Amino acid sequence: MSLVRIEAVAKEYLLGEQKVTALHDITLSIEEGVFLAIAGPSGSGKTTLLNIIGCIDTPTRGRVFIDDREVTGLSSDALADLRARTIGFIFQTFNLFPVLNVAENVEYPLLQLPEVDRIERRERVRRYVALVGLEKYAHHVPNQLSGGQRQRVAIARALAINPRIVLADEPTANLDSRTGQEILNLMKEINRRYATTFIFSTHDRRVMAMADRLVRIEDGHLAKLAVKVDDRWQQVRTGRNSHENRET
């Protein structure tokens, strides 16, 4: 069973009086536990697709399923509740609260979950701050941290809700090459250790190289699906059950 299923999804916007189509009839299934990159140039529609998977945006046409539950018809409140319990988010600009310290930033999404009591919140904060290697910085505020450390806080915050899915929108874009690689290695280790599903929107070749699934979007169209087998990409022909071996 797919964790995420997209069926004939299209997304249109009005730009003034002109209709702009960001996505054209995308059909896609994503299984649990993958490390998947949605790749494409700027303006290709990859971030729009990521936002639809994350229930931040809704499609103009088509259907979206999360864990075999259709979410396209849900109210905004129901979608917010689904996001709060199921989906962790990592952004390229970190999106940390500047007045909160590391521990408080990680704890913040848990405050929206009444079933998680104070003792459990503290335990989760301790666990995930330690997981990303920031125990010594738990009481530092974001402007006392490096870019890589801030992104580690964002990863811990995304994991604190015990999500089924973590969505990362260009998570290495504001990091230098070495720090970006360290962050990718950390996320890959979390994916392997806990089988957490990671879905990236990216044009970073390092992210694509570490992914085990690749979705390429071009001009709003699904241009390529590929699975990594023995360190080589095996392309999946859209809408067919056959495969062909190609390197990306």
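Here are some conditions: (1) within 15 Å of residue 89 (Cβ to Cβ); (2) not in a helix (DSSP H, G or I). Residue 175 meets all but one. Which one does it not meet?
(1)
Return a yes/no flag: does region 84-92 have any residue that is surrounded by fewer than 18 Cβ atoms within 10 Å (Cβ to Cβ), touching a residue at least 40 places away in the same chain (Cβ under 8 Å) and in a strand (DSSP E or B).
There is at least one residue in region 84-92 that is surrounded by fewer than 18 Cβ atoms within 10 Å (Cβ to Cβ), touching a residue at least 40 places away in the same chain (Cβ under 8 Å) and in a strand (DSSP E or B).
For region 21-49, how many residues meet the condition of being surrounded by fewer than 22 Cβ atoms within 10 Å (Cβ to Cβ) and closer than 13 Å to residue 170 by Cβ?
The number of residues fulfilling the criteria is 3.
What number of residues within region 98-118 satisfy the criterion of being in a helix (DSSP H, G or I) and exposed (fewer than 13 other Cβ atoms within 10 Å of the Cβ)?
First pass over region 98-118, keeping only residues in a helix (DSSP H, G or I): 102-112, 118.
From what is left, the residues that are exposed (fewer than 13 other Cβ atoms within 10 Å of the Cβ) are 111, 118.
Summing the residues that are in a helix (DSSP H, G or I) and exposed (fewer than 13 other Cβ atoms within 10 Å of the Cβ) in region 98-118 gives 2.
This table checks each residue for (1) assigned to a loop (DSSP other than H, G, I, E, B); (2) more than 18 Å from the chain's Cα centre (by Cα).
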residue: 44; (1), (2): yes, no
residue: 56; (1), (2): yes, no
residue: 74; (1), (2): yes, yes
residue: 80; (1), (2): no, no
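Tell me whether region 61-69 contains one or more residues that are under 30 Å from residue 220 (Cα atoms), aromatic (Phe, Trp, Tyr) and either touching a residue at least 60 places away in the same chain (Cβ under 8 Å) or out of contact with any Pro (no Cβ under 9 Å at 6 or more places or on another chain) (or both).
Yes, that holds for at least one residue.
Based on this model, can you work out whether residue 6 counts as modelled with pLDDT of 95 or more and not in a strand (DSSP E or B)?
The answer is no for residue 6.
The values are calculated or read from the model by the stated rules, or taken from the named source; none is laboratory data. If you're wondering where the values come from, they're calculated on a predicted model, not measured in any experiment. Reconstructed Cβ throughout: ideal geometry from the backbone, glycine too, with neighbour counts over all protein chains shown.
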